[in-house]
Amino acid sequence: MKQILEKYLPVQAIPAVFSLIRENNVHLKIVNERKTRHGDYRRMPNGSQQITVNANLNKYRFLITLVHEISHLLAFEKYGRTIKPHGIEWKSTFRELMLPFIRPEVFPQRLLPVIASHFRNPRASSDTDARLSVALKSFDPENDKNYIFEIPTGGIFRIYNGKTFKKGHRRIKRYECLEINTGRIYLFQPNAEVELLKA
């Protein structure tokens, strides 16, 4: 298992992550990319604990995602299954589990302040924290995608499923965008990655 983890995690994080997996009897599955999630946690019918994490994540996002999912397992076991999945019990568990990793031996220096800020009140997904998401994506391989916030108002873009949109105005945190084929309005996070078709 440690050899597999070397491919996906920062080296200095491996011993602690390996202990978390072993002590909590986690069955870790590394799976192909899913567009709607980075990972998930499930208690299986036989009582085993299964966590899946996308294989395409960079090492820092992989670590945060894996600890996020282990936090679900531990929060449910400690507080019971009636708690909210991303409620205060999960937040405190996630914060506690991440604390030993928030150091320069694990994360690059430029990521540390952003991560520390995020974990004051962690969100249900690292993608909903635009600042953290953009910082983490800077460690991904180069691609031809743009962020929504980079596209000019009125620009036309395409998302992963082929649907095309026209960018509208910002509404508090997200952007209103018009789906070209249906005329329906959708809200996009500013850090959503899309393909610019026409500025």
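Computed from the coordinates by the stated procedures, all read-outs in this text should not be read as laboratory data. Quick caveat, the model's predicted, so the values are computed rather than measured. FYI the Cβ positions are ideal-geometry reconstructions off the backbone, even for glycines, and counts take in every protein chain you see.
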Neighbour-count order for 129, 144, fewest beta carbons within 10 angstrom listed first
144, 129
Which value in deg cm²/dmol, rounded to the nearest 500, describes the helix-derived mean residue ellipticity at 222 nm for the chain, given -39,500 (n - 2.57) per DSSP H run of n ≥ 4 and division by the residue count?
-9500 deg cm²/dmol
Cut-off 15 Å between beta-carbons: net charge of the residues surrounding residue 153, Lys and Arg +1, Asp and Glu -1:
+4
Within 10 Å of each residue's Cβ, count the other Cβ atoms and sort 51, 4 from fewest upward.
4, 51
Taking Lys and Arg as +1 and Asp and Glu as -1, residues besides residue 4 with C-beta under 15 Å from its C-beta add up to +4
Given an 8 Å cut-off on Cα distances and at least 6 residues of separation, report the relative contact order of the chain as a percent.
14
Round to a whole angstrom and tell me the spacing of the C-alpha centers of the range 44-68 and the range 128-199.
26
How would 52, 36, 93, 164 line up from fewest to most surrounding beta-carbon atoms within 10 angstrom?
36, 164, 52, 93
Among the DSSP beta bridges whose two residues both lie in the range 2-137, what percent are antiparallel, rounded to the nearest 5?
50
